[in-house]
Structures are given as C-alpha cells and as structure tokens.
Amino acid sequence: ETGVTQSPTHLIKTRGQQVTLRCSSQSGHNTVSWYQQALGQGPQFIFQYYREEENGRGNFPPRFSGLQFPNYSSELNVNALELDDSALYLCASSPSLLAASSYEQYFGPGTRLTVT
Amino acid sequence: RKEVEQDPGPFNVPEGATVAFNCTYSNSASQSFFWYRQDCRKEPKLLMSVYSSGNEDGRFTAQLNRASQYISLLIRDSKLSDSATYLCVVNIGSNYQLIWGAGTKLIIKP
C-alpha cells in the first residue's frame, strides 16, 4: 500500500449538485496531483498542489477547484455536476515537485463518482 | 491528435506468448517516459521507467526511440497475472504534469 488514502470510495450524486473529494497524502509528501479517469481512458490531469498553492492545471473548467491544507492533505471540489463528470478520481502524492514529474507518484485507490 | 497514443486493445494472448505494446508521443520536448500497469478498478502502479538506452526488468523490456517519438514495452513468457491495462506516460519537462495514454488492455488466456 502507498499510504495515500482517499474518501469516500464511492459516491452517487445528481446533476447540478456539488461534491467534495478528499485525499490524505503520504507522510512527508508536499505535492498532490489530481486526475480524472473516465471509463476506458487514461487519467487526465486536473491540477496539482505544492505547499498549499496550485502549481499547474489541466484542461478543466473553473467548476473544478481544489485546496491543499498545511498538513498537505487535499480536497477536490466539483460544482454543478454534469453527467460526464462520472469517473474515477485519483490523487497522487509526491515528496517534491521534481519527484511528481518522475516515477515518484504514489496513487490512492480513487473515488468512483457516479452522476445521475 | 492525442499527445500520447497507444495501440487500441484489447490484446488476447495465450499464456507463455510474447506481447508487444507500442506508444507514440507528439511533443518532441518530452523528457521522461514510463509504463504503468492498472488492474481492473484499481489505481495505476508504476511498472518501469523507460531510458534512452532501453532497459529490462525480468520478463519486461522497455525501449525508447526519440527520433521516431516512439516507446515500446515487451513482455516475454506472459503469465495469467500479467492481465491488466498498460498505460504509457510521458512528462514534457516544462512543468510537472504527466500525460497519459488511454491504455491497452491485455488478457492472458490459459
């Protein structure tokens, strides 16, 4: 196990609602990256947080937002949910920004979100 | 054109066979390359990094051709436990983001 935990494991929401997903990074890791993985696709980068600041963002609309806390845990918030938001949401923690771009990404088990 | 493209699957292969996965990337500035494995309904896990000189880890061999912007993964003597989706991953280097292919599903049959 990687030591990265995510909650909840599964979630069902209706269109238009808001959702918050949580990620606890591995001890000593200051960088968290969030990914969206639709069925049959590879993970798509949403954004990354480094020491409580957003460090980069993928091609996702502003209704996807996030936070990183002083203990480096992180939240992903999605407003005005759409059917296409149904996916597996993965977070990965890394001991540094440089490590995040290499092999040192430790993934959590993911949160499976279903929007009806 | 997608930034990272992989063979569409699935690959149905008998146990013991050799399997080859191909991947191409569009950005010539790409600097780091990886193969990940993802089991059904699980998170991705790093299988191996890919180095310019090529590298091998047991039954697995990875190759990189920068001129052709092409990456490959070879699995020899395939086992039932190799059944999974194999994802090609690239880092451009100007930022710290990883770009993922859609993955190729491998099914090993007894």
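FRET efficiency for the pair A:Glu104 and A:Asp84, taken as 1/(1 + (r/R0)^6) with r the Cβ-Cβ distance and R0 = 30 Å, rounds to 0.45. Working note: Karplus 6.51/-1.76/1.60 with θ = phi - 60° gives region A:11-22 the couplings 7, 10, 10, 9, 3, x, 6, 10, 9, 10, 10, 10 Hz, where Gly and Pro are set to x. Over all other residues within a Cβ to Cβ distance under 13 Å of A:Leu113, the charged ones net out to +1, with Lys and Arg as +1 and Asp and Glu as -1.
Pop out the Kirkwood hydrodynamic radius of chain A from its pairwise C-alpha distances, inverse of mean 1/r, in Å to one decimal. Result for chain A, one decimal place: 13.9 Å. Subtracting the Cα-Cα distance of A:Lys13 and A:Ser27 from 0.36 nm times their residue separation leaves 1.9 nm of extension gain. Projecting the Cα atoms of B:Asn65, B:Pro10, B:Ser49 onto the dipole axis of chain B, where Lys and Arg carry +1 and Asp and Glu carry -1 at the beta carbon, places B:Pro10 farthest toward the positive end. Net charge of the neighbourhood of B:Lys79, taken over other residues with C-beta under 9 Å away and scored Lys/Arg +1, Asp/Glu -1, is -2.
At a Förster radius of 41 Å, what calculated FRET efficiency corresponds to the Cβ-Cβ distance of B:Asn55 and A:Phe69, to the nearest 0.05? Rounded to the nearest 0.05, the efficiency is 0.60. GNM on chain A, alpha-carbon springs under 10 angstrom: the most fluctuating residue among A:Leu76, A:Leu11, A:Leu39 is A:Leu39.
For B:Lys105, list the lysines whose Cα falls under 25 Å from its own Cα; do not include residues on the same chain fewer than 8 positions away. Answer for B:Lys105, where 25 Å is the Cα cut-off: B:Lys2, B:Lys42, B:Lys45, B:Lys79, listed by chain and number. Subtracting the Cα-Cα distance of B:Leu80 and B:Glu3 from their residue separation scaled by 0.36 nm leaves 24.6 nm. In a DSSP loop and with at most 12 other Cβ atoms within 10 Å, the trypsin sites (Lys or Arg not before Pro) in region A:21-116 are A:Arg51. Across the accessible surface of region A:1-106, with the other protein chains kept in place and a 1.4 Å probe, carbon and sulfur atoms take up 49 percent.
Taking amide hydrogens as placed 1.01 Å from N in the peptide plane, the amide H of A:Lys13 sits under 5 Å from those of A:Thr114, A:Val115, A:Thr116, each at least 5 positions away in sequence or on another chain.
The values are calculated or read from the model by the stated rules, or taken from the named source; none is laboratory data. Bear in mind that the values here come from a model prediction, so they are computed numbers and not experimental data. Ideal geometry is used to build each Cβ from the backbone, glycine not excepted, and the neighbour counts take in all protein chains shown. SASA here: full protein model, heavy atoms, side chains in, ligands and nucleic acids out. Shrake-Rupley method; radii C 1.70, N 1.55, O 1.52, S 1.80 Å.
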